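The values are calculated or read from the model by the stated rules, or taken from the named source; none is laboratory data. From a predicted model like this one, the values you see are computed outputs, not experimental measurements. A quick note on method: Cβ atoms are made from the backbone with ideal geometry, for glycine too, and the neighbour counts reach across all protein chains shown. Ligands, DNA and RNA are stripped out before the accessible areas are found, and what is left, the full protein with its side chains, is counted by its heavy atoms. Shrake-Rupley method; radii C 1.70, N 1.55, O 1.52, S 1.80 Å.
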Number of protein chains: 2
Amino acid sequence: MTGQTLFRREIEEQPRVLESLLGSGRGPAQAIARAVAAFAPNLVLIAARGSSDNAARYAQYLFGNRHRMPVALATPSLFGAYQTPPRIDSAWVIGVSQSGQSPDVVEVVAEGRRQGALTLAITNTPDSPLGRAAEWTLPLGAGSEQAVAASKTYLAQLFAFSLLSAALESAQQGSFGAWEELRRIPALVEQTVRRCESVEQAVSLFAESSSALVLGRGYNYSTAFELALKLKETCQVWAQPYSPADFLHGPLALLTKGLPVLWVAPSSPVLQVEEGAPLLQLLEARDARRMVISDRPELLGRAQLAVPLPAGVPEWLSPLSAVLPGQCFAEALARHKGLDPDRPPGLTKVTRTR
Amino acid sequence: MTGQTLFRREIEEQPRVLESLLGSGRGPAQAIARAVAAFAPNLVLIAARGSSDNAARYAQYLFGNRHRMPVALATPSLFGAYQTPPRIDSAWVIGVSQSGQSPDVVEVVAEGRRQGALTLAITNTPDSPLGRAAEWTLPLGAGSEQAVAASKTYLAQLFAFSLLSAALESAQQGSFGAWEELRRIPALVEQTVRRCESVEQAVSLFAESSSALVLGRGYNYSTAFELALKLKETCQVWAQPYSPADFLHGPLALLTKGLPVLWVAPSSPVLQVEEGAPLLQLLEARDARRMVISDRPELLGRAQLAVPLPAGVPEWLSPLSAVLPGQCFAEALARHKGLDPDRPPGLTKVTRTR
C-alpha cells in the first residue's frame, strides 16, 4: 500500500474496465439495438441521479446527434410522489444506476414496462431492483467501486451508451465503422491516465478559491456536469457547470477577477461557433484562472493550465478521455486541501431517494 | 422617484401583468389548445435560455402531471452547431423568450416547423424572429421589462403555461374548473407582494455568505432554479438549485455549518415524501441558516426566516406565488451588498447565443 486513495486507484482502473466492457458488452448491446430498431421508439427517456445523470446527458447528444432520436431526462417525482406518469408507451426507457438501488429510478423503468415501453437497465449490479425491473440489461462489469465519488462506473456508463450507439448504427444502417473507433478508446484513455501527474502538480491554481466555473457544450456538456460534481463532492468547491451559451444568460455575473474556470473544449462543431463568440476574451479580460482541456493548440496556448488531450479521438467519444484529467485534478485537489476524496462528509455510496 | 429600483418596480407590477394576461391570453390559449388536441403530439419539446428555461421546467411538471405529456428540454446545439436535429415531426415545439431574439431558440422552433411539428412562441415580443418562426404565438403583454434580471416576464411565462393547461383541460375533457383557480391568482400574487417588506428586513441572514443552496422539487423545481439564478445575477451569490433528491446524491458535501439554505416548500405530494426523509433534521444538524417559503406551519416553525405563503393556492399554480418572496429577497440583498440589482456586471437585457 502506497497510501494511494481508492478514488485514484479506481481512476487508474478505467482503461481495463473499458477493455473488458468492449468484450462483454458488444453482444448485449447488439441484441438491445436490434430490439430498439424493431420497436422504433418515438422518444428516449432516461432516469438517473448524480453521476449517472451526467452519463444520461451524454446520451442526449449521442442519440440526438448520431441517431436523430429526441432524448428526455425523466422527472422521477411525476412517477413516484405525484403518481401521474406521462404516457411513455412508445418510448425507449433507460434507467442508469451504479447500484441499481434508487427507488425513484426503478419506478420510472417499472412504469415504462407496465405501459409497454422498451426498457433497459444500465447498471453495475444486474441483480438489483433496477436490473429486475427492466426487460433488458446492459451490465457494466466494472467491479466493486469503493470510493464514494464515482469514476470507473461513470466511464463505463458512457462506454455502455457508446456501445449501444455503435450497435444501433450497425442495426439501422448496416455500417460497422463505429466499432473500429470504439476499439481504440481503452488505449487512448490509458494514455490520458498516464498524463495525470502533470495535472496534479497544478492544483494550486484552484486551491485558494471556494468556487469555480466548469464550461462545456454539446457532447461535453456531460463532462462539465460530471467534473463540477467531482469538485463539489470531493473538494467542497462550489463548482457550477454551464454551457457557454447558458452561462452568458445570467450567470456571467459570477465571473469575478481570479475565478478558476475549467473549460472542457475538445474539437467540435460547437467550438466553431464559440470561436467567433467572446468567451476567451471575456475570461482573459476578467483575469479568470483558465484551465483548458482540449486537443486544440490555439486554445491551450491561452490557458494558465493547459491539459492536452490525445489526438485521434472522434468527438462522439471525446467525453471518455476529456473527463479523465478532471478526475485526477479533483482527487489531487482534495488531498491538497486536506480532505479525504474517498469519504466526502455525509455521503454514502448508495443513495436511496424517492 | 423614490429611488426604487426598476427590478423592484417590475416585481410590484406582476399582479397587474397577470390580470391583463388573464384577459388577453385566454382566447389565444384556447385556439392553441384546440390545435394541440387535434394534433395529439407524442412529445412536448421546449427551447429556452435563462429565466425562460426555468419557466420551461415548470411546464415539464405541469404538462406531465395534468396532461400526462412527456416534456423534453431542447438541446439547441443539436439544431444549430451540429446541424443534426432530432426527429420531432410529431412534437409540440415551444420556444420561450422574453425578447424572441436568441438565435438558438429560434432555430429549434424553425426546425420544428420545417418538420411539420406544431410550433408555438411564448414571447413578450410577438414581432420578433421567434414570433415569426412559430405557427402560433402567445404574447405575454407584460410591457417593456427594463431591469436585466427578469421578474414580470418570468411570471407571465408561468401564467401563459397555466392558461394553456386550463385550455387543454377544457379542450380535452370539457372541464372548466381550472379557469376558476386561475382567476384568483392575480389577487393572491398581490397579497404576496404586499408581504415583501418582512422578507427584506431579514437579508442579513444571507448577507455574510458568498454561497447558498436553493431547494425545491416537483412543480417548484422551477422556483428553485429561478431563485438561484436571481441570487447569482443580482447578488453575485453562488446559489445552487437542487431537488432534495438530487442534493443527497453528492452535493450534500457542500452543506457546511451556517450555510444559507432556501427551501421552497408549498404543500405538495413531493413534500409528503420528504417529510419522512431526513432533510430538515440534516439542515438543523449542520446548523444551516434556513429560509423556508411554505404554507405549512410545521415547516415554517423550523426556519430562521419563515416566509408564509397565502393559503388557497393549488399546487399547480404555486410557483406563481412561491417565487415572489425570493424575488424581493434577492432585490433587497443586492442593495444591502451595495450592488445595483438593475445592472448586474457584464450582462445585457438581450443575450443572443447560438
* Structure fact -> accessible surface per residue for chain A, probe 1.4 Å, DNA/RNA/ligands not counted, whole Å² -> 32
* Asked: Could you give P(r) for the protein assembly as shown, binned at 20 Å from zero, as whole percent values over all Cα-Cα pairs?
  -> 19, 56, 25, 1
* Where no second cysteine Cβ lies under 4.7 Å, the cysteines concerned in chain B -> B:C235
* Structure fact -> Measure of exposure for B:W263: accessible area at 1.4 Å probe, Å² rounded to 10, is 10
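With a sphere of radius 11 Å drawn around the Cβ of A:Y221, what net charge do the other residues whose Cβ falls strictly inside it have (Lys, Arg +1; Asp, Glu -1)? Walk me through the numbers before you get to the answer.
Numbers: positive: A:R57, A:R217; negative: A:E226, A:D246.
Here the count lands on 0.
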* Asked: How high is the FRET efficiency from B:K257 to B:R16, r the C-beta distance, R0 35 Å, rounded to 0.05?
  -> 0.20
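List the equivalent ellipsoid semi-axes of chain B in whole Å, largest first, each obtained as the square root of 5λ for an eigenvalue λ of the Cα gyration tensor. Can you show the working numbers first?
Working: eigenvalues 203, 96, 85 Å².
Listed largest to smallest, the semi-axes of chain B are 32, 22, 21 Å.
So how much accessible surface do A and B hide from each other in total, probe 1.4 Å, in square angstrom to the nearest 100?
For chain A against chain B, roughly 5700 Å² becomes buried.
Evaluate 2.2 N^0.38 Å with N set to the residue count of segment B:200-354, then give the Cα radius of gyration divided by it.
Details: Rg = 15.1 Å, N = 155, 2.2 N^0.38 = 15.0 Å.
Taking N as the residue count of segment B:200-354, the ratio is 1.01.
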* **Inter-copy spacing of B:E19 label points, which lie 7 Å from Cα along Cα→Cβ, given in nm from shortest upward** => 7.3
* **Positive-pole candidate from A:G312, A:A117, A:A33, dipole of chain A, charges at beta carbon** => A:A117
* Taking all protein chains as present, what is the carbon and sulfur share of the accessible area of segment B:1-98, in % to the nearest whole number, probe 1.4 Å? -> 46
* Structure fact -> Distances in nm between the label point of B:F39 (7 Å along Cα→Cβ) and its equivalents in the other copies, shortest first, are 2.6
* Structure fact -> Expected field for A:R290, accessible surface area in Å² at 1.4 Å probe radius, rounded to 10, holds 30
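Quick check: from the Cα gyration tensor, does segment B:260-329 come out rounded (a/c under 1.5), prolate or oblate?
On the way: a/c = 2.12, a/b = 1.30, b/c = 1.63.
Because a/c hits 1.5 or more and a/b fails to exceed b/c, segment B:260-329 counts as oblate.
With contacts defined as alpha carbon pairs under 8 Å and 6 or more residues apart, what's the relative contact order of segment A:224-354 in percent?
On the way: 140 pairs, mean separation 36.2, N = 131.
Result for segment A:224-354 is 28 percent.
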* Just need the relative contact order of segment A:160-285 here, percent rounded to a whole number, with Cα pairs under 8 Å and 6+ apart. => 22
* Asked: Over all residues in A:254-260, what is the mean tally of Cβ atoms on other chains that come within 10 Å of each residue's Cβ?
  -> 2
* Structure fact -> The ³J(HN,Hα) series, computed from each phi in segment A:57-73 with the Karplus coefficients 6.51, -1.76 and 1.60 at θ = phi - 60°, rounded to the nearest Hz and given as x for glycine or proline, is 4, 4, 4, 4, 7, 4, 6, x, 6, 9, 10, 6, 9, x, 10, 10, 8
* To do: State which entries of A:K230/B:K152; B:K152/B:K257; B:K257/B:K337; A:K152/A:K257 exceed 28 angstrom in Cα-Cα distance in the structure shown.
  => A:K230/B:K152; B:K152/B:K257; A:K152/A:K257
* **Peptide-level mean, for A:66-73, of C-beta atoms on other protein chains within 10 Å** => 5
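Rounded to the nearest 0.05, what FRET efficiency do A:A40 and A:Q83 have when you use their Cβ-Cβ distance and R0 = 30 Å? Mind showing how you got there, number by number?
Values: r = 29 Å, r/R0 = 0.96.
The formula returns an efficiency of 0.55 here.
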* To do: Between beta-carbons, use under 12 Å as the cut-off and find the net charge around B:G258, counting Lys and Arg +1, Asp and Glu -1.
  => +2
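Cα gyration tensor of segment B:168-221, axes a ≥ b ≥ c as square roots of the eigenvalues: rounded (a/c below 1.5), prolate (a/b > b/c) or oblate? Could you put the intermediate results ahead of the total?
On the way: a/c = 7.24, a/b = 2.02, b/c = 3.58.
Cα axes put segment B:168-221 in the oblate bin.
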* Asked: Whose amide H sits under 5 Å from the amide H of B:L259, counting only residues 5 or more places off or on another chain, with H placed in the peptide plane?
  -> B:R289
* Per-residue ³J(HN,Hα) for segment A:9-24, Karplus 6.51 cos²θ - 1.76 cosθ + 1.60, θ = phi - 60°, Hz, x for Gly and Pro -> 5, 6, 4, 6, 6, 4, x, 5, 4, 5, 4, 5, 5, 4, x, 7
* Cα-projected label distance for B:A285 with B:Q146, points at 7 Å along beta-carbon direction, nm -> 5.1
* **Alpha-carbon centroids, segment B:217-291 and segment A:178-199: separation in whole Å** => 38
* Using only Cα atoms, figure out Rg for segment B:167-262 and give it as a multiple of 2.2 N^0.38 Å. => 1.42
* Once phi is turned into θ = phi - 60°, what whole-Hz ³J(HN,Hα) does the Karplus curve with 6.51, -1.76 and 1.60 give for every residue of segment B:295-308, x standing for Gly and Pro? -> 9, 9, x, 5, 7, 4, x, 9, 10, 6, 10, 9, 10, x
* Got a sec? What order do B:K257, B:K230 fall in by accessible area at 1.4 Å, biggest, i.e. largest, first? -> B:K257, B:K230
* To do: Hey, can you grab everything whose amide H is under 5 Å from the amide H of B:L43? Only 5+ residues off in sequence or another chain; H modelled, so Pro and N-termini drop out.
  => B:W92
* Calculated diffusion of segment A:305-354, Stokes-Einstein form, Kirkwood radius summed over Cα pairs, 20 °C and 1.002 mPa s, µm²/s -> 158
* Asked: Is segment A:1-48 best put as rounded, prolate or oblate by its Cα gyration tensor, with a ≥ b ≥ c the root eigenvalues, rounded for a/c under 1.5, and otherwise prolate when a/b is larger than b/c, oblate when not?
  -> oblate
* **Rounded Å value of the spacing that divides the Cα centres of segment A:87-111 and segment B:13-64** => 28
* Structure fact -> Taking Cα pairs closer than 8 Å and at least 6 residues apart, the relative contact order of chain A in percent is 20
* **Ellipticity estimate at 222 nm from DSSP helix runs (n ≥ 4, -39,500 (n - 2.57)) divided over chain B, nearest 500** => -15000 deg cm²/dmol
* Tell me, what is the 1.4 Å probe accessible area of B:D53, in Å² to the nearest 10? -> 20
* Structure fact -> Ordering B:T137, B:T75 by the accessible surface of their heavy atoms, 1.4 Å probe, largest first, yields B:T137, B:T75
* Using only the alpha-carbon atoms of segment A:1-145, report the extent along each of the three principal axes, biggest first, to the nearest angstrom. => 53, 33, 27
* How many nm is it between the label spots at B:S24 and A:S175, if each spot is 7 Å from the Cα in line with the beta carbon? -> 4.9
